[in-house]
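The values are calculated or read from the model by the stated rules, or taken from the named source; none is laboratory data. All figures in this text were calculated on a predicted structure; none of them were measured in a lab. Cβ placement follows ideal geometry from the backbone for every residue including glycine, while neighbour counts extend to all protein chains displayed. When the accessible area is computed, the model is the full protein with side chains, heavy atoms only, and any ligands, DNA or RNA have been set aside. Shrake-Rupley method; radii C 1.70, N 1.55, O 1.52, S 1.80 Å.
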Protein chains: 2
Amino acid sequence: MFKRPRGTRDLLPKEMAARRAVESVLRETFERYGYGEVQTPTFEHLELITAKSGDEITDHLYDFVDKSNRKLTLRPELSAPTIRLYVNELRNRPKPRKLYYFENCFRYERTQKGRYREFWQAGVELVGSARPEAEAEVVALAAACLENIGLKNYGLTIGNRGIFRAVFNHYNIAEDAQNLILSQLDKKDVQFADLDMPKDAKNITVSIIKPIAMIKESLANRKNIRSRLQTILKDDFKIIESELRDFEEFLDLLEGFGATDCEIDFLIARGLDYYTGMVFEIFAKEGLGAQNQILGGGTFSLVKLMGGGDVPSCGFGFGFDRLMLALESQGALPASAAAPRVFVVPETRKMLNRAIEIVSDLRKEVSCELELMGRKLGKALSYANTEEIAYVLIVSEDSEGDEVILKDMRSGAQKTIDYREVPDEVG
Amino acid sequence: MFKRPRGTRDLLPKEMAARRAVESVLRETFERYGYGEVQTPTFEHLELITAKSGDEITDHLYDFVDKSNRKLTLRPELSAPTIRLYVNELRNRPKPRKLYYFENCFRYERTQKGRYREFWQAGVELVGSARPEAEAEVVALAAACLENIGLKNYGLTIGNRGIFRAVFNHYNIAEDAQNLILSQLDKKDVQFADLDMPKDAKNITVSIIKPIAMIKESLANRKNIRSRLQTILKDDFKIIESELRDFEEFLDLLEGFGATDCEIDFLIARGLDYYTGMVFEIFAKEGLGAQNQILGGGTFSLVKLMGGGDVPSCGFGFGFDRLMLALESQGALPASAAAPRVFVVPETRKMLNRAIEIVSDLRKEVSCELELMGRKLGKALSYANTEEIAYVLIVSEDSEGDEVILKDMRSGAQKTIDYREVPDEVG
């Protein structure tokens with residue numbers, strides 16, 4: 001017997017039906033917001049991925065050399081490929097471009113609950129605008145996805161890297177040091193004093209960055225952010241005032257979109273260098289343990305990195321597998337029908353042709369299985385029972401005209417009816 | 001700028017919308033016939049693929065070694081993975097198992113029209129029965145898919161390897177020689193006399209196999225097959241009589257399923273060793289040139305090869321990309337809406353909040369795009385035009401209450417209406 005590769009999954013019909021049902025809600029929501037789907041290749045040139053994520057990522061890649069010695073890798077995420085597609089195919093089209101994807105990604109990592117070596121991401125990239133209304137719509141879309149799917153008990157947390165950047169730039173902190181500090185912000189319990197960095201950067205970090213990082217307010221109390229920043233920055237407040245004004249407008253518009261149940265937390269900084277302004281994350285508050293983040297996103301400058309000019313963009317990615325786990329742990333998986341509704345059984349071999357005529361007609365409206373093992377009625381009924389098929393339709397020699405026997409497998413009741421009434425009966 | 005890898009594609013929203021529409025018809029048809037979806041990993045252990053297809057296939061694989069020195073390969077097709085899943089996860093469940101898949105596959109091959117290094121297959125495997133009614137239903141399902149999609153002008157051709165096998169076995173022809181001859185049958189113009197094989201096998205091939213391979217009849221004239229086989233086989237006719245009887249019953253049942261427009265052609269032998277009985281192929285008669293096969297399938301013995309016992313099965317796989325090309329060349333692509341229906345534009349910045357309220361409400365029913373670039377009305381209208389968005393909804397300072405201006409972009413006509421009437425207006 002052959003096994004599937006370690007860290008991968010075989011998904012069976014029941015699970016696939018639930019996954020497709022959730023996928024379909026995500027797609028429909030993305031499309032309602034004006035996004036169109038794109039699909040990129042499963043593998044990319046290795047240099048595309050390292051250009052975005054650094055050489056360190058190769059330790060976690062399924063990278064390989066093809067038969068013409070091209071260095072390729074299975075994609076570890078979908079932002080870089082999607083933005084590459086934008087630069088290659090769409091950069092001359094009017095802006096914005098609103099693109100969504102629903103695809104698999106691959107990372108060579110230790111496997112654990114909710115983390116697989118092949119996993120699925122659903123997400124959007126809004127290319128061409130990072131105006132407050134664009135950022136607000138992107139966050140509102142993420143919240144609308146969860147609303148439409150029916151996930152409860154999640155946290156939506158918003159941060160802002162632009163304000164940190166403005167402080168750093170005012171004090172001429174080198175970009176490497178900026179990135180080091182911001183990447184540490186995500187690790188909630190970091191002791192900034194221990195960081196190995198230039199002395200002036202350390203002073204700024206302890207006296208300004210850390211107090212800002214401690215700001216945490218509900219959306220309703222967002223007015224407090226301005227006064228807290230004034231207290232921290234004093235005379236330097238003006239260096240972040242333009243960033244703050246955009247952020248405040250973004251928060252006002254976000255409330256207008258109806259996404260009121262969120263928190264502003266400057267500790268949310270997303271550990272990736274290319275984020276420039278607003279950043280946000282969504283966490284499931286139950287069922288996922290420590291690996292509870294189900295979405296990350298924000299405003300970023302990937303287009304430039306990919307050679308497409310200084311085009312702002314924002315977006316997000318759902319971890320689809322974790323989203324499914326969160327729904328499951330809440331008992332919120334959609335009711336999806338993996339089993340056919342009707343099992344059509346000829347009572348004798350002689351009735352097989354008639355059963356075929358009937359099943360062919362019924363399939364125009366209902367999902368049907370036909371007895372294909374030559375079983376007699378008793379065994380066929382027991383199969384229908386095991387398979388959780390709701391109704392068995394028996395084509396009997398004793399029936400007249402278009403009559404068949406319809407048996408309800410839950411109640412055990414059976415009656416003789418015209419087979420054309422079956423779709424209404426079982427619907 | 002980074003490029004996508006050679007032989008792969010970037011699929012843009014318009015094309016994706018058409019592909020998803022066709023995919024959705026295929027899924028629905030599979031499910032109406034009682035099939036449930038499965039999903040296997042994108043890569044498998046190399047030995048799974050070579051066990052099915054032989055070591056020669058490695059020349060055409062994206063195979064690689066992972067960071068723990070596992071020999072893996074991107075899957076080149078989906079039968080072997082699907083049957084592996086059956087053996088690993090479902091072999092103890094009642095039979096039949098009716099499984100379908102819709103996934104991407106990978107081959108390192110010279111690229112040409114309709115052939116890509118990453119391509120998509122849709123297919124089914126019916127595991128546990130190769131009775132005539134099972135075979136007939138599988139062929140009928142393939143025809144139903146094309147019927148539901150709306151592909152015209154295709155050819156469905158049915159062959160039978162079981163009858164050849166019965167002749168070979170009667171004359172004790174070794175399996176290697178059998179496979180060599182059958183694999184040559186697919187190459188329509190082969191000169192069997194040139195084959196390098198034992199003398200007795202060559203005699204049988206020329207005197208019996210070749211004349212049988214020339215049998216070609218429409219389904220309506222299928223009765224002729226029996227008399228032609230009697231003429232060829234004379235006293236040996238009895239050695240194939242049981243195979244022939246099953247095949248005749250299969251053809252009768254196929255007619256019962258309504259798949260009357262097909263041809264029996266014994267030259268269709270499918271070049272793969274594991275096919276045991278009925279085999280079939282579907283060709284597009286226009287638009288695809290020489291690479292015109294869009295489906296292949298039949299009855300096969302893969303379960304045994306995968307270590308799951310002597311369980312018969314049948315199935316087929318569509319080449320989804322060629323199917324899309326065939327539909328396109330016939331002008332039969334489904335009308336799919338890649339663009340949103342409505343573009344919501346605040347006439348001034350002051351109206352942005354009101355526009356957000358309106359668009360949030362409308363998106364419960366209609367796909368809408370909101371102006372996110374801060375453009376004035378004229379530029380926003382020109383964007384809607386380029387993007388082929390059907391309606392522009394203008395939120396004006398002059399409007400009262402819930403009134404908005406709705407502009408039909410095709411006719412240019414505009415009127416003032418309550419925004420809640422928009423879904424009906426644009427639907």
Span per principal axis, largest first, for the Cα atoms of region A:342-426 (Å): 30, 28, 22
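Which longest run of chain A has no exposed loop site in it, a site being GluC sites (Glu not before Pro) in a DSSP loop with at most 11 other beta carbons within 10 Å, and the site itself not part of the run? Before the final figure, lay out each step's value.
On the way: sites that count: A:E397, A:E400.
Between the exposed loop sites, the longest stretch runs A:1-396.
Too long at a 19 Å Cα-Cα cut-off: which of A:K3/B:K52; A:K223/B:K364; B:K52/B:K95; A:K67/B:K52; A:K52/B:K3? Intermediate values should be presented prior to the final figure.
On the way: A:K3/B:K52 14 Å; A:K223/B:K364 31 Å; B:K52/B:K95 23 Å; A:K67/B:K52 22 Å; A:K52/B:K3 14 Å.
From the list (A:K3/B:K52; A:K223/B:K364; B:K52/B:K95; A:K67/B:K52; A:K52/B:K3), the Cα-Cα distance tops 19 Å for A:K223/B:K364; B:K52/B:K95; A:K67/B:K52.
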Between helix B:13-32 and chain B: long-axis angle, C-alpha atoms, 0 to 90°, nearest 10: 50 degrees
Of all chain A residues, the one whose C-beta is nearest the axis that brings A onto B, in angstrom: A:F64, 2
Cα-based helix-to-principal-axis angle, A:241-256 vs chain A, degrees rounded to 10: 20 degrees
Net charge of Cβ neighbours under 15 Å - reference A:L151; Lys, Arg +1; Asp, Glu -1: -3
Residue-averaged beta-carbon neighbours from other chains (10 angstrom radius) around A:383-396: 1
Heavy-atom accessible area per residue - region B:32-170, 1.4 Å, Å²: 30 Å²
Label 7 Å beyond Cα on the Cβ vector: A:K350 copy-to-copy distances, nm: 8.6
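Quick one: with all protein chains in place, what share of the accessible area of the protein assembly as shown is carbon or sulfur, to the nearest percent (1.4 Å probe)? Provide the component values of the computation, followed by the final result.
Values: 15400 of 34500 Å².
Ligands and nucleic acids excluded, carbon and sulfur reach 45 percent.
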Computed label-point distance, nm, for sites A:N179 and A:E421 using a 7 Å Cα→Cβ extension: 7.3 nm
Isotropic mean projected area of the C-alpha convex hull, region A:114-272 (nm²): 11.1 nm²
Label-point separation, B:D310 to B:R228 (7 Å along Cα→Cβ), nm: 3.2 nm
Cα long-axis angle, helix A:161-170 against chain A (0 to 90 degrees, to the nearest 10): 20 degrees
Rotationally averaged projected area of region B:383-427 (alpha carbon convex hull; nm²): 3.3 nm²
Nearest-first distances (nm) between copies at A:A335, label 7 Å from Cα via Cβ: 3.5
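With N set to the number of residues, divide the alpha-carbon radius of gyration of chain A by 2.2 N^0.38 Å and report two decimals.
Values: Rg = 27.8 Å, N = 427, 2.2 N^0.38 = 22.0 Å.
It is 1.27.
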Magnitude of the charge dipole, chain B, Cβ model with Lys/Arg +1 and Asp/Glu -1, debye to 20: 920 debye
Other protein chain Cβ atoms within 10 Å, averaged over every residue that makes up B:299-305: 0
Cα-only Debye scattering, region A:83-144: base-10 log of I(q)/I(0) at q = 0.21, 0.26, 0.28 Å⁻¹: -0.92, -1.07, -1.14
Within a Gaussian network of chain B (alpha carbon springs, distance under 10 Å), most fluctuating of B:S218, B:S68, B:S396: B:S68
Tail fraction, Cα-Cα pairs, region B:1-68, threshold 14 Å, whole percent: 77 percent
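Just to confirm a number: summing +1 for Lys and Arg and -1 for Asp and Glu over residues other than B:A220 whose beta-carbon lies under 15 angstrom from that of B:A220, what do you get?
Working: positive: B:K216, B:R222, B:K223, B:R226; negative: B:E217, B:E248, B:D252, B:E255, B:D261, B:E263, B:D265.
Residues near B:A220 contribute -3 overall.
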Ascending list, in nanometres, of distances separating the B:K234 label from those of the other copies (7 Å, Cα toward Cβ): 11.4
Cut-off 14 Å between beta-carbons: net charge of the residues surrounding B:N203, Lys and Arg +1, Asp and Glu -1: +1
DSSP-assigned coil residues among trypsin sites (Lys or Arg not before Pro) in region A:306-364, each with at most 12 further Cβ atoms within 10 Å: A:K364
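Interface A/B, total buried accessible area with a 1.4 Å probe, nearest 100 Å²?
Details: alone 21600 and 21630 Å², together 34500 Å².
Buried area between the two chains comes out at roughly 8700 Å².
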Those residues of region A:343-367 for which accessible area with every protein chain present is at least 30 Å² below the isolated value (1.4 Å probe): A:R349, A:L352, A:N353, A:I356, A:S360, A:R363, A:S367
A:D261-A:D236 pseudo-label distance in nm [points 7 Å out on the Cα-to-Cβ vector]: 3.8 nm
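Where Rh is the Kirkwood radius over the Cα pairs of the protein assembly as shown, the temperature 4 °C and the viscosity 1.567 mPa s, what D in µm²/s does Stokes-Einstein return? If you can, show how the numbers build up before the last one.
On the way: Rh = 30.1 Å.
Calculated translational D: 43 µm²/s.
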Of B:P312, B:P81, B:P94, the one that fluctuates the most in a GNM where chain B has Cα springs shorter than 10 Å: B:P94
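Ordering A:R228, B:R165, A:R245 by accessible area with a probe of 1.4 Å, largest first, what comes out?
Numbers: A:R228 80, B:R165 35, A:R245 135 Å².
I get A:R245, A:R228, B:R165, largest accessible area first.
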Top of B:T299, B:T50, B:T205 by mean-square fluctuation, Gaussian network on chain B, Cα under 10 Å: B:T50
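When you look at the Cβ of every residue in B:131-139, what mean number of other chain Cβ atoms sits within 10 Å? Could you put the intermediate results ahead of the total?
On the way: counts 5, 3, 11, 5, 1, 4, 6, 1, 0.
Average neighbour count from other chains, rounded to a whole number: 4.
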Scattering curve values for region B:54-96, log₁₀ I(q)/I(0), Debye with Cα scatterers, q = 0.14, 0.25, 0.26 Å⁻¹: -0.48, -0.93, -0.95
Computed over chain A: relative contact order in percent, which uses C-alpha pairs under 8 Å that are six or more apart: 16 percent
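Using only C-alpha atoms and all pairs of different ones, pull out the Kirkwood radius for region B:117-187 in Å with one decimal. The partial results should precede the final answer.
Numbers: mean 1/r = 0.0653 Å⁻¹.
In region B:117-187 this quantity evaluates to 15.3 Å.
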